[in-house]
1. Return yes or no: is residue 207 closer than 20 Å to residue 99 by Cα and exposed (fewer than 15 other Cβ atoms within 10 Å of the Cβ)?
2. If we scan the stretch 16-30, do we find a residue that is more than 20 Å from residue 164 (Cα to Cα) and in contact with a helix residue (DSSP H, G or I) (Cβ under 8 Å, 6 or more places away or on another chain)?
3. Mind listing whichever residues of the stretch 239-253 are at pLDDT 95 or above and over 16 Å from residue 117 (Cα atoms)?
4. Considering every residue within the stretch 126-136, establish whether at least one is modelled with pLDDT of 90 or more, over 29 Å from residue 64 (Cα atoms) and in a loop (DSSP other than H, G, I, E, B).
5. Quick check on residue 84: is it in the same structural domain as residue 170 (by TED's automatic domain parsing) and without any contact (Cβ under 8 Å) to a residue 12 or more places away in the chain?
6. Of everything in the stretch 96-120, what is modelled with pLDDT of 95 or more and within 12 Å of the chain's Cα centre (by Cα)? Give them in sequence order.
7. If the requirement is being surrounded by 14 or more Cβ atoms within 10 Å (Cβ to Cβ) and in contact with a strand residue (DSSP E or B) (Cβ under 7 Å, 6 or more places away or on another chain), which of these qualifies: 1, 30?
């Protein structure tokens, strides 16, 4: 057993990586917990710096030859964990360095790209769910604009089930995102209940960016005024808004349908 003390400096650093956005940003490191999530990161080509396991909790083997592998006691693992029922696997990964420019240089965009713009999303669960939709639908990129929650927050990673590694994610401000989209001739759709046009009536077979905002406030005036078209989801009930991740999934999958991918 490599680490058994809660006072071990490595344990304290991991707890800071879990809880503190500034530490993650300064160190360029993030935590990924869970066998399945770590496997998805590995399959997407990301290599952990350190792999930690608790033999008392881990039921499935996982090794990575070029990585530091450490075993820890159950009490130490539970101190570092951010899950209620940990499975005994935790890894430290470098934060992926993806920028708007790198999307072009790495040829990550399809000929007719489909991009999600998520503005000021404040809940880790919503951002994680949007990432899962982006992965499942084969979205080319997710632009997280003026974020209120850190993309690399462990709770986002958990909610995304590791899709944060399989989707090209870029954090940027609104003007940079719009300029990049316009320079690539992408049509920008703004999702809002105040629109007159149904999302299903808009052609999304061409290069398209779908902009979504917070559930309470929606998109800011920036996207509302700069969008090429505003679209809505039909609402027959008394509630005037849907969960942002649900709204995103509905529109994205209609784009997938229109492109003949289903």
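The values are calculated or read from the model by the stated rules, or taken from the named source; none is laboratory data. As the structure is a prediction and not an experimental result, all values here were calculated from the model. When we count neighbours, we look across all protein chains shown, and the Cβ atoms used for this are built from the backbone with ideal geometry, even at glycine.
1. no
2. Yes, because at least one residue in the stretch 16-30 is more than 20 Å from residue 164 (Cα to Cα) and in contact with a helix residue (DSSP H, G or I) (Cβ under 8 Å, 6 or more places away or on another chain).
3. Correct list: empty.
4. no
5. Here the answer is no, as residue 84 does not meet what is asked.
6. 116, 117, 118
7. So the residue among 1, 30 that is surrounded by 14 or more Cβ atoms within 10 Å (Cβ to Cβ) and in contact with a strand residue (DSSP E or B) (Cβ under 7 Å, 6 or more places away or on another chain) is 30.
Yes/no matrix, rows are residues, columns are (1) at pLDDT below 95; (2) in contact with a helix residue (DSSP H, G or I) (Cβ under 8 Å, 6 or more places away or on another chain); (3) more than 17 Å from residue 120 (Cα to Cα):
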residue	(1), (2), (3)
169	no, yes, no
186	no, no, yes
191	no, yes, no
213	no, yes, no
217	yes, no, no
220	no, yes, no
225	no, no, no
232	no, yes, yes
